[in-house]
Amino acid sequence: MGNSIQPLADNITLIATPELWLEGEAIQQLQTTATLPNIKLVAGMPDLHPGRGYPVGAAFFTTQYLYPALIGGDIGCGMSLWQTTVKIHAMNQAKLIKRLGNIDQPLSEAECISLWPDIRPLAEHMYASGTIGGGNHFAELQMLETIYAPETARQIGLNRQHLQLMVHSGSRGLGGVILDKHIRQYGHQGLVADGTAGSTYLMQHNQALDYAQQNRELIGRRILANLRAQGQKLVDISHNFIEPVTINGESGWLHRKGAAAATKGLVIIPGSRADFSYLVQPLDTVSALYSLAHGAGRKWQRSACKGRLAGYYTAEQLTRTVHGSRVICCDRELLYEEAPQAYKSIDSVIAAMVQADLIRPIARFKPVITYKVQTEKK
DNA sequence: ATGTCC
């Protein structure tokens with residue numbers, strides 16, 4: 001095994017199989033980024049795809065220097081998984097959708113505290129609290145489809161009779177404000193981590209990381225409250241952030257951009273809205289820079305989706321999937337941009353990591369209801 | 001990605 005770990009250069013590793021489709025531009029971006037000063041090691045995940053200058057689905061190890069632009073605006077973006085007490089057989093889709101209601105408006109401070117009495121202060125960024133955001137962000141009710149590791153599934157409390165809830169969201173406007181300010185002042189260059197600029201960024205980055213995690217918790221609690229259910233958060237893993245690490249005895253900074261942290265317990269990896277999501281246990285991931293794929297990875301650019309799909313599918317048709325799940329999305333553009341056809345098969349991404357001995361699958365889930373946005377655009 | 005830009 002381990003045949004899906006491909007060295008692209010002295011300092012670049014790519015986790016991919018021959019069957020896995022990867023865009024040339026993404027590999028190009030990976031190689032270009034690897035030549036930046038003080039970037040020592042680079043690992044491409046099997047969901048690697050092109051980003052704005054830098055690839056998405058990769059981890060970068062630097063010494064001394066931080067590259068805020070590598071992380072991008074959505075600092076702290078991540079995935080959480082909850083086990084809910086919503087009984088599958090006691091609920092139908094229509095009832096669930098009705099109860100879920102509209103969660104597009106930010107929660108007031110009082111609502112936040114009511115949902116989560118132990119919440120830490122969210123400072124001035126209350127405006128987006130409890131909201132999912134746009135783009136590829138979503139909340140999804142799911143049901144267990146296959147359990148691969150019954151003992152682990154039992155230990156963490158996975159329950160076949162009850163729905164699971166997955167939340168994908170980030171730091172909303174906060175991370176973007178931090179990056180914009182930083183880029184205006186210093187551009188895209190790397191900054192010494194313990195210098196003034198570097199340490200200021202790192203402090204703000206840590207706040208955004210914290211805010212993003214709290215916001216996912218709020219979203220989860222908000223949805224559970226609407227469903228009149230309880231729930232337990234099983235997993236919360238960020239895929240856009242920087243953390244200090246020591247690799248081969250050298251201390252430095254691990255930058256993850258669309259790469260899930262593999263050092264913080266189980267990881268939930270979503271497929272497209274018409275595909276499975278996998279709960280996995282990370283194994284030895286040092287070859288992948290302690291990271292894993294964060295999803296299926298885009299196959300088509302956002303801008304190409306409508307042109308490729310509009311002749312075949314109406315927006316209405318895109319609100320139903322092959323799994324019989326429903327997509328709550330009143331934004332027609334987003335329905336096309338996030339169509340399952342725009343993403344790779346999650347099985348191909350998972351297979352690459354299994355073959356590389358990076359993960360052990362624990363269970364997989366199928367979508368029941370995917371919530372994007374309920375409110376019509378003006 | 002964006003209490004988003006046209």
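Summary table
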{"read-out": "Criterion (more than 22 Å from A:G170 (Cβ to Cβ) and in contact with a Lys or Arg (Cβ under 8 Å, 6 or more places away or on another chain)) met by exactly one of A:T13, A:T63", "value": "A:T63"}
{"read-out": "Residue among A:A128, A:A153, A:A149, A:A110 that alone is within 14 Å of DNA strand B (Cβ to nearest atom) and aliphatic (A, V, I, L, M)", "value": "A:A128"}
{"read-out": "Close pairs from the range A:34-49: first among the basic types (K, R), partner surrounded by fewer than 24 Cβ atoms within 10 Å (Cβ to Cβ) and part of a strand (DSSP E or B), Cβ under 7 Å, at least 6 apart", "value": "A:K40/A:F61; A:K40/A:T62; A:K40/A:G252"}
{"read-out": "Residue within the range A:205-215 that is in contact (Cβ under 8 Å) with a residue 12 or more places away in the chain and over 29 Å from A:I39 (Cα atoms) present", "value": "yes"}
{"read-out": "Selected residue [at pLDDT 95 or above and assigned to a helix (DSSP H, G or I)] from A:G265, A:G252, A:G198", "value": "A:G198"}
{"read-out": "Given (1) among the aliphatic types (A, V, I, L, M); (2) within 16 Å of DNA strand B (Cβ to nearest atom); (3) crowded, with 17+ Cβ neighbours inside 10 Å, number of the condition A:V177 does not satisfy", "value": "(3)"}
{"read-out": "From A:G72, A:G57, residue being out of contact with any Lys or Arg (no Cβ under 6 Å at 6 or more places or on another chain) and under 16 Å from A:L202 (Cβ atoms)", "value": "A:G72"}
{"read-out": "Tally of residues being within 18 Å of A:A59 (Cβ to Cβ) and surrounded by fewer than 23 Cβ atoms within 10 Å (Cβ to Cβ) across the range A:255-278", "value": "4"}
{"read-out": "Residue within the range A:161-170 that is assigned to a loop (DSSP other than H, G, I, E, B) and touching an Asp or Glu at 6+ places or on another chain (Cβ under 6 Å) present", "value": "yes"}
{"read-out": "Tally of residues being surrounded by fewer than 20 Cβ atoms within 10 Å (Cβ to Cβ) and of a type in the set (G, A, S) across the range A:327-378", "value": "3"}
{"read-out": "Flag for A:A110 being surrounded by fewer than 16 Cβ atoms within 10 Å (Cβ to Cβ), over 21 Å from the mean Cα position of the chain (by Cα) and hydrophobic (A, V, I, L, M, F, W, C)", "value": "yes"}
{"read-out": "Cross-chain or 6+ apart pairs with Cβ under 9 Å, the range A:127-147 first and of a type in the set (F, W, Y), then surrounded by fewer than 20 Cβ atoms within 10 Å (Cβ to Cβ)", "value": "A:Y127/A:P106; A:Y127/A:G173"}
{"read-out": "Residue ID - nearest to A:M91 (Cα to Cα), chosen from residues in the range A:201-254 that are crowded, with 16+ Cβ neighbours inside 10 Å and polar (S, T, N, Q)", "value": "A:N215"}
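Listed here are the residues, each with its yes/no results for (1) of a type outside the set (A, V, I, L, M, F, W, C); (2) within 18 Å of A:S238 (Cα to Cα); (3) surrounded by 21 or more Cβ atoms within 10 Å (Cβ to Cβ); (4) modelled with pLDDT of 95 or more.
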site: A:V280; (1), (2), (3), (4): no, yes, yes, yes
site: A:L289; (1), (2), (3), (4): no, yes, yes, yes
site: A:A293; (1), (2), (3), (4): no, yes, yes, yes
site: A:A296; (1), (2), (3), (4): no, yes, yes, yes
site: A:Q301; (1), (2), (3), (4): yes, no, no, no
site: A:Y313; (1), (2), (3), (4): yes, no, no, yes
site: A:L318; (1), (2), (3), (4): no, no, yes, yes
site: A:V322; (1), (2), (3), (4): no, no, no, yes
site: A:S325; (1), (2), (3), (4): yes, no, no, yes
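The values are calculated or read from the model by the stated rules, or taken from the named source; none is laboratory data. Being a predicted model, the structure only gives us computed values, none of them experimental. Positions of Cβ are generated from backbone atoms using ideal geometry, with glycine treated the same way; all protein chains shown enter the neighbour counts.
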